[in-house]
Structures are given as C-alpha cells and as structure tokens.
Amino acid sequence: MKAQNLLKVPTHVSIIMDGNGRWAKRRGLPRYEGHKEGAKALEKILTFASDLGIQWLSVFAFSTENWKRPKEEIEVIMSLLVEYINTKLDKLLEKNIRLRFMGRLNQLSDETLQSIKEGEEATKECNGMNFVITLNYSGRAEIIDAINKILKDKKESISIDEFKNYLYIPEMPEPDLLIRTSGELRISNYMLWELAYTELYFTDVLWPDFNEEEFLKALYSYQFRERRFGSV
Ligand code: FPP
C-alpha cells in the first residue's frame, strides 16, 4: 500500500486511540506500559499525517469519565502528556504543526495546564497541520459548555451556524474520518456535535500496534466512500 496512490486526503482525521490497556495485559505488563507504547504510536501517526498534508489531526487522549481509573494510571497518562509537550516542541515547530487542546482544561492540574499553555503558545504561529489533543473531554460537556456560554450572552435563539461558534475550537472543521481502534464499535461521548456527517472506520488493531500502514488502510477505505450529506 502506498501513500502516492491516495486519491483523496481528508481535511480532518480524528482518532479514538483505544486498546492500550489490553495491549499491555496480553503481554503481562501493567496498563501504563500500554499508554507509553500508545504515545509512541501517536508520534508515528502525527508525523505521517503531517507529511501526507492532512490539515487537522485530533485525538481522544482523556475523557471526563477517565478520572474513574486508578490514580497511578491517570498520573502516567498526564505525565506522558507533559513529557510529550516538553520534549516534542522542537519537532512540532520543525514540522510547522500547531498544538491545541480541547476539553474542560481548567479542571486539570497546574502542572498539566502550564505545559498545555506553553505548548499552545510556542506553536501558535505554525500554519501547517493542527494537532488537537482532547483532554478531560466529553461531547456532552462540550455542548453543555456551549449552551452555558450562549445563556451568558443572553441569546434568545440561535442558528446551527452560530452554535458552532460556541464550541471549544470554533474554527476546527468537522472530522471527515473518525478512526477507532481495538474493535469497539462506539462513539463513547466523543465530538457528538462534530461527528454528525463523519465517516466512521473501525479496526481490531490495538492502538499501540497502529502504524502508518494501518492509517493508510483507513484513508483508503475513506476515499472510496460517497459522502452525500443528506442529498441524493
Ligand atoms: C484508551 O485505551 C487510551 C487512553 C484512555 C489514553 C490514551 C493515551 C495515550 C495514547 C498516551 C498519551 C497521550 C498523549 C497525547 C501523549 P484503554 O486504556 O481504554 O485500553 P483498554 O480499552 O484496552 O483498557
């Protein structure tokens, strides 16, 4: 499979990176080892997506429900993230990638928030790919947060187009393609508003095993789909 054969590159690809825990369990390792491997897989896909000319890549890193996990596991995910920002900024700048975060960010620890701000600030002039990490995110929370902003603005009614301006990143185009790994066939409260017309791609591959070839398979599947957006 070759990237040159791609006829159509989606503008926005989003990924639910699932299966880190099972990947570790199958190897008799603690769950956090799966997240560490997952972070490596993400790095490969980030570079590949940027080289392919994809304009937006977003990933589901931590949901508002993930706080129910063991404290140790949460700490590993957050520290991987902080480490990621601290060590990968040069690479993001070199590749002209703008790093952005979305979710209920003000509920994160000071250390995590500080890194997020640094990462966003350092890459804010980059105009290549946008890389969005959703953190402490849930689709319902995003819609409710939007509604609360609308109430604060004392609006009496609002159109669909206006509503979009109240989402976390108003200028983010809706995903063209959503990939979910590890064989789960659910949306799991992810980008509920934005996914209205998104093409879905599910694979049994666990996230730490996901690589460039698997990503290309998803893009191939996408390019032969006919998107009608409700028309005939
Ligand atoms: C889902 O697998 C994965 C997560 C909840 C965390 C995703 C985190 C990373 C890929 C690493 C760090 C991220 C960044 C942005 C550097 P799961 O634990 O639910 O797996 P399971 O369903 O097999 O238990």
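The values are calculated or read from the model by the stated rules, or taken from the named source; none is laboratory data. Here the structure is a predicted model, which means the values were calculated and not measured. Glycine gets a Cβ as well: all are built from the backbone with ideal geometry, and neighbour counts include every protein chain shown. Please note that ligands, DNA and RNA were not included when accessible areas were found on the heavy atoms of the full protein model with its side chains. Shrake-Rupley method; radii C 1.70, N 1.55, O 1.52, S 1.80 Å.
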Average accessible area per residue (Å²) across the range 1-131 - probe 1.4 Å, nucleic acids and ligands excluded | 52
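Test of understanding: what is the full-extension gain from Arg69 to Ile158, defined as 0.36 nm times their sequence separation minus their Cα-Cα distance? Show your work: numbers first, answer last.
On the way: separation 89, 0.36 × 89 = 32.04 nm, distance 3.76 nm.
Between Arg69 and Ile158, full extension yields 28.3 nm more.
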From the C-alpha gyration tensor of the range 120-213, pull out the three semi-axes of the equivalent ellipsoid (sqrt of 5λ each), sorted largest to smallest, in whole Å.
-> 28, 18, 12
Calculate the translational D of the range 27-116 in whole µm² s⁻¹ from Stokes-Einstein, where the hydrodynamic radius comes from the Kirkwood formula applied to all Cα pairs, the temperature is 37 °C and the viscosity 0.692 mPa s.
-> 228
Quick one: Karplus J couplings for the range 196-209, per residue in order, coefficients 6.51, -1.76, 1.60, θ = phi - 60°, nearest Hz, x for Gly and Pro?
-> 3, 10, 6, 7, 9, 9, 10, 9, 6, 4, 6, 3, x, 8
Lys117 versus Asp204: modelled label distance in nm, points set 7 Å from Cα along the beta carbon direction = 4.7
Loop-located trypsin sites (Lys or Arg not before Pro) in the range 80-170 whose Cβ has at most 14 other Cβ within 10 Å (DSSP) | Lys124, Lys154, Lys155
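Tell me what the chain gives for mean residue ellipticity at 222 nm when only DSSP H runs of n ≥ 4 count, each as -39,500 (n - 2.57), the sum divided by the residue total, rounded to 500 deg cm²/dmol.
On the way: 7 runs with 97 residues, N = 232.
It comes out at -13500 deg cm²/dmol, rounded to the nearest 500.
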Where a label projected 7 Å from the Cα of Val9 along Cα→Cβ would reach, residues of the range 166-185 with amide N under 16 Å | 176-177
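Based on the Kirkwood radius over alpha-carbon pairs, what value in µm²/s does the Stokes-Einstein equation return for the translational diffusion coefficient of the chain at 10 °C and 1.306 mPa s?
86
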In the range 47-135, how many lysine pairs have Cα atoms under 22 Å apart, counting only pairs 8 or more places apart or on different chains?
-> 6
Expressed in nanometres to one decimal, the distance between label points 7 Å along Cα→Cβ at Arg225 and Ile144 is 2.9
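Place a +1 charge on the Cβ of each Lys and Arg in the chain and a -1 charge on the Cβ of each Asp and Glu, then give the dipole magnitude about the Cα centre in debye, rounded to the nearest 20. Could the numbers behind the result be given before it?
Numbers: 33 positive and 36 negative charges, 95 e Å.
The dipole of the chain has a size of about 460 debye.
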Residue-wise HN-Hα coupling along the range 172-187, computed from phi with Karplus coefficients 6.51, -1.76, 1.60 (Hz; x: Gly, Pro) | 6, x, 5, x, 7, 9, 10, 10, 10, 8, 6, x, 7, 10, 9, 9
